[in-house]
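**Student:** I have a structure I would like to understand better, so I am pasting it below and will then ask my questions one at a time.
The values are calculated or read from the model by the stated rules, or taken from the named source; none is laboratory data. As the structure is a computational prediction, the values presented were derived from the model and not from experiment. Note that each Cβ is placed from the backbone with ideal geometry, even for glycine, and that neighbours are counted across all protein chains shown.
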Amino acid sequence: MNAIFTSEIAMLLLCVGAFFIGKYIFVRTKVAIFNPLLIAMILIIIVLQISNTPYETFNKGTKMIQFFLGPTVVALGVMLYEQIDTIKANYKSILVSIVTGSFISILSIVLICKTFHADLNVISSLIPKSVTTPIALSLSKQMGGIEALTAVSVVITGILGNIIAVPLFKILRVSDRIAKGLALGSSAHAIGTMKAIELGSLEGAISGLAIGVTGVITALLSPLFQSWLY
């Protein structure tokens with residue numbers, strides 16, 4: 001049966017189909033936990049398990065989807081251009097927030113992993129969990145991490161941020177639109193930005209900016225943390 005899922009077209013149809021099923025369930029239920037990407041991920045795992053399709057085959061067959069992740073992030077530049085005046089007026093606080101968030105994100109992962117005596121390759125895999133997938137996989141590979149584990153951690157981080165962001169904003173009484181965008185973009189990357197765009201154009205633009213800057217800051221900080229670990 002796994003021969004069915006060896007072609008790139010079959011993998012593409014599987015991913016797109018699973019997402020639309022997840023989207024349908026979410027629209028019908030309106031329950032945050034039924035995130036379309038989460039449902040799609042579960043469905044894909046079930047299909048791959050039933051068909052005995054190895055991850056390597058799936059990864060090879062989804063190169064087209066991975067390729068379009070980059071242009072998708074770049075497309076957020078349109079929203080940034082529309083909010084350029086607001087960004088210029090608040091660039092200092094935006095930059096400080098993203099740098100601080102990136103540092104805390106990496107530090108928390110290192111401390112948690114060290115507490116549970118995780119291997120260094122596991123720590124290296126989880127360090128880039130809050131950046132967009134292409135950057136995360138590249139960093140993980142350079143640091144000797146496990147790319148599959150990195151990919152899973154990035155998706156879970158994004159979905160979790162997408163689900164809990166709005167309730168958490170209400171609990172913590174976060175009303176500033178820039179703060180919401182920064183929180184979603186710097187912690188939950190593109191999946192969080194989906195939620196930010198739902199909240200408003202300013203939130204979406206700031207979140208898109210946070211994705212790029214967080215990726216750069218994480219790329220600069222990760223080797224320093226890895227040197228400290230070794």
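**Student:** Restricting to segment 24-42, count the residues that are surrounded by 18 or more Cβ atoms within 10 Å (Cβ to Cβ) and in a helix (DSSP H, G or I). Let's see the steps before the verdict.
**Tutor:** First, pick out the residues of segment 24-42 that are surrounded by 18 or more Cβ atoms within 10 Å (Cβ to Cβ): 26, 35-41.
Filter once more, keeping what is in a helix (DSSP H, G or I): 26, 36-41.
Result for segment 24-42: 7.
**Student:** Hey, does segment 97-115 have a residue that's more than 21 Å from ILE156 (Cα to Cα), part of a loop (DSSP other than H, G, I, E, B) and either under 18 Å from the mean Cα position of the chain (by Cα) or among the basic types (Lys, Arg) (or both)?
**Tutor:** No, that holds for no residue.
**Student:** Determine if segment 56-69 includes at least one residue that is assigned to a helix (DSSP H, G or I) and hydroxyl-bearing (Ser, Thr, Tyr). Step through it out loud before you land on a result.
**Tutor:** At the first step, the residues of segment 56-69 found to be assigned to a helix (DSSP H, G or I) are 56-61, 63-69.
Pick out the ones that are also hydroxyl-bearing (Ser, Thr, Tyr) and you get 57.
Yes, segment 56-69 contains at least one residue that is assigned to a helix (DSSP H, G or I) and hydroxyl-bearing (Ser, Thr, Tyr).
**Student:** Conditions first: (1) in contact (Cβ under 8 Å) with a residue 40 or more places away in the chain; (2) in contact with a Leu (Cβ under 7 Å, 6 or more places away or on another chain). ALA148 passes all but one, so which condition is the exception?
**Tutor:** (2)
**Student:** If you don't mind, there's one more thing I want to ask. Pull up segment 198-230, narrow it to residues that are among the β-branched types (Val, Ile, Thr) and touching a residue at least 24 places away in the same chain (Cβ under 8 Å), then point me to the one that is nearest to GLN83 (Cα to Cα). Explain how you work it out, then say what you get.
**Tutor:** Filtering segment 198-230 down to residues among the β-branched types (Val, Ile, Thr) leaves 206, 211, 213-214, 216-218.
Next, only the ones that are touching a residue at least 24 places away in the same chain (Cβ under 8 Å) stay: 206, 211, 213-214, 217-218.
Numbers: ILE206: 8, ILE211: 16, VAL213: 16, THR214: 19, ILE217: 22, THR218: 24 Å.
Applying the filter and picking the extreme gives ILE206.
**Student:** Going by what's in this entry, would ILE191 be described as surrounded by fewer than 22 Cβ atoms within 10 Å (Cβ to Cβ) and not basic (Lys, Arg)? Let's see the steps before the verdict.
**Tutor:** Numbers: surrounded by fewer than 22 Cβ atoms within 10 Å (Cβ to Cβ): no; not basic (Lys, Arg): yes.
For ILE191, the condition - surrounded by fewer than 22 Cβ atoms within 10 Å (Cβ to Cβ) and not basic (Lys, Arg) - is not met.
**Student:** So, of the residues in segment 43-53 that are in a helix (DSSP H, G or I) and touching a residue at least 12 places away in the same chain (Cβ under 8 Å), which turns out to be surrounded by the most Cβ atoms within 10 Å (Cβ to Cβ)?
**Tutor:** ILE44
**Student:** Those residues that are of a type outside the set (Phe, Trp, Tyr) and out of contact with any Gly (no Cβ under 9 Å at 6 or more places or on another chain), I need them from segment 80-93; list them, please.
**Tutor:** GLU82, ILE84, ASP85, THR86, ILE87, LYS88, ALA89, ASN90, LYS92, SER93
**Student:** Same structure, new question: Count, please, the residues in segment 201-230 that happen to be modelled with pLDDT of 90 or more, more than 17 Å from VAL110 (Cα to Cα) and surrounded by fewer than 17 Cβ atoms within 10 Å (Cβ to Cβ).
**Tutor:** Qualifying residue count, segment 201-230: 1.
**Student:** Something else about it: Determine which member of the set VAL110, VAL131, VAL122 is β-branched (Val, Ile, Thr) and under 23 Å from GLY181 (Cα atoms).
**Tutor:** Values: VAL110 fails: under 23 Å from GLY181 (Cα atoms); VAL122 fails: under 23 Å from GLY181 (Cα atoms).
Exactly one residue qualifies, and that residue is VAL131.
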